Each structure stands twice: as structure tokens, then as C-alpha cells.
Amino acid sequence: NYPSVTIANRCYVRAPFHPTNPQIDHEILIKPKMAFGTAHHETTALMLEFILMNNFDSCRVLDMGCGSGVLAILASMKGARKVVAVDIDSWSYDNTSENVIANSITNVEVNEGGAELVEDYENFDIILANINKNILLRDMKYYSGSLVNNGYIYFSGFYKNDLDDIVSEANKLGLKFVSNLEKNNWIAAKFLKTHD
């Protein structure tokens, strides 16, 4: 028993026990299990808002630390050509796989593993990584290396006072800070890859 979530009046995230809302642009069905990502947490809501604000048409997208798959699903609904969803936890792999099918999404590939997996793929136009500060700092080199030049990466999972550390590490890897969203001291930040 928890409420559905509406993001920016354009995305409605609901469980099977919530009614549908045909007035909303994007409705996402998430079967609540152990995986993170029902859109109740600030970081998930901020990342969904960023996806709604930006162009995903024909992009190759990576959702790193996909949890329930909610970000991957919205990226697909927003026109992404291909989405790869990766999580190190087996229950997240299972939950994302189930939610992709429940939303009739056919272009999301789900994989279980860590950041080293991204090296197996053709480079991405957009990367979504909602994890936590320490993992982002540790694995940012993998993400940057898997992003096309002039591609965008969105980071979340950290607090406002951690933003300087994230920006500092990103700058070393050719990622230029563009903007951020904030909610209850949580941050989501957008970066542009300017060079290898």
C-alpha cells in the first residue's frame, strides 16, 4: 500500500493495484518487489524529470544500476532506439526484466553485472546512472569511456554537498557539468562529454 507517483504532470508511475491514468503522456507499470525504483525516492523522481526534459529520440541509452527498470522504460517511451539496463543485483535483473515485459517494451536489453559490462557494448549517446556517490566516483571512468563525444550522462544518488566531488572527478574524464536538479537535498546532475 503506497501511492502512485506523477512526475511533472507527464509521467505516471503506478503499481498493478493503482488505476490507470490515460490523461498522462507516459504511464509506467512497476511491479513492486525488492528492486529500487518506484519513483518515490527523490533521486529516481529527479532522473525521471531529467528524462522528460531532454531528447532521447533514436539514442542508444545505458541505464546503469537499473533497479526496477523505470528509467530504462521511460527512456524507451521517449524514443530511445536501444536501451541497455544493467544491475549487479539478481533481483533487480529479474524485476527489470518483468517490468519491461509488463510495459510492452521491446528494445530494452537487461543484463546482470557491474560497470565492467559496459565495455562490451558500442558506445552510448546517453548514460543514466542513479547509484551512490562512492560507486559513481569509482566507476565514472567506465561510463565516460562508453559515452560518445557530445553525449550526455546523468548522475544521481548523492546529496547536494557531494556535487563538487562528482563534478571534480567528471572534469578529469572530459565530462563538463551542464545543470542539476535538486529535491530535499538530493541531486541529479547532467554532464556533456567534450573529449576522450
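The values are calculated or read from the model by the stated rules, or taken from the named source; none is laboratory data. Values in this document were obtained by computation on a predicted structure and should not be read as measured data. Reconstructed Cβ throughout: ideal geometry from the backbone, glycine too, with neighbour counts over all protein chains shown. Heads up: the accessible areas ignore ligands, DNA and RNA and are worked out on the full protein's heavy atoms, side chains in. Shrake-Rupley method; radii C 1.70, N 1.55, O 1.52, S 1.80 Å.
Brief remarks on what is shown
- Surface composition of the stretch 1-101: carbon plus sulfur atoms contribute 51% of the solvent-accessible area (1.4 Å probe, protein chains only, all chains present).
- Applying 1/(1 + (r/R0)^6) with R0 = 45 Å to the Cβ-Cβ distance of S90 and D164 gives a FRET efficiency near 0.85.
- Within-10-Å neighbourhood charge of V108 [Cβ basis; K, R +1; D, E -1]: -1
- Under 16 Å from the Cα of K183 - lysines, other chains or at least 8 residues apart: K160
- Remark: the Y121-V178 segment gains 18.0 nm on full extension, using 0.36 nm per residue and subtracting the alpha carbon distance.
- Computed with a 1.4 Å probe on the full set of protein chains, the accessible area for Y142 sits at about 70 Å².
- Once the Cβ-Cβ distance of A102 and K141 is raised to the sixth power relative to R0 = 25 Å, the FRET efficiency obtained is 0.15.
- Long pairs among K31/K133; K31/K176; K33/K172, criterion Cα-Cα beyond 31 Å: K31/K176; K33/K172
- Relative contact order (%) - criterion: Cα under 8 Å, at least six apart; region: the chain: 17 percent
- Exposure rank, largest accessible area first [W186, W91; 1.4 Å]: W91, W186
- Converting the Cα gyration tensor eigenvalues of the stretch 44-164 into ellipsoid dimensions via √(5λ) gives semi-axes, longest first, of 19, 16, 15 Å.
- Mean separation of Cα contacts under 8 Å, 6 or more apart, over the residue count of the stretch 82-196: relative contact order %: 22 percent
- Solvent-accessible surface ranking, highest first, for L175, L181 at 1.4 angstrom: L181, L175
- Antiparallel content of DSSP bridges confined to the stretch 5-147, in %, to 5: 15 percent
- Prolate/oblate/rounded call for the stretch 1-65, Cα gyration tensor, a/c under 1.5 rounded: oblate
- For the chain, adding -39500 (n - 2.57) for each run of n ≥ 4 DSSP H residues and dividing by the number of residues yields -8500 deg cm²/dmol at 222 nm.
- Note on exposure: R14, R81 ranked by accessible area (1.4 Å probe, complete protein assembly) read R81, R14, with the most exposed listed first.
- Averaged over its residues, the stretch 96-196 has an accessible area of 47 Å² per residue, based on protein heavy atoms and a 1.4 Å probe.
- Bridging of K82 to aspartates and glutamates at a Cα separation below 12 Å is possible for D57, D63, E109, E122, D125, once same-chain residues fewer than 8 apart are set aside.
- Of all DSSP-defined beta bridges confined to the stretch 115-189, some 55% are antiparallel rather than parallel.
- Under 16 Å from the Cα of K78 - lysines, other chains or at least 8 residues apart: none
- Note on K183: accessible area is roughly 90 Å² with a 1.4 Å probe, heavy atoms of protein only.
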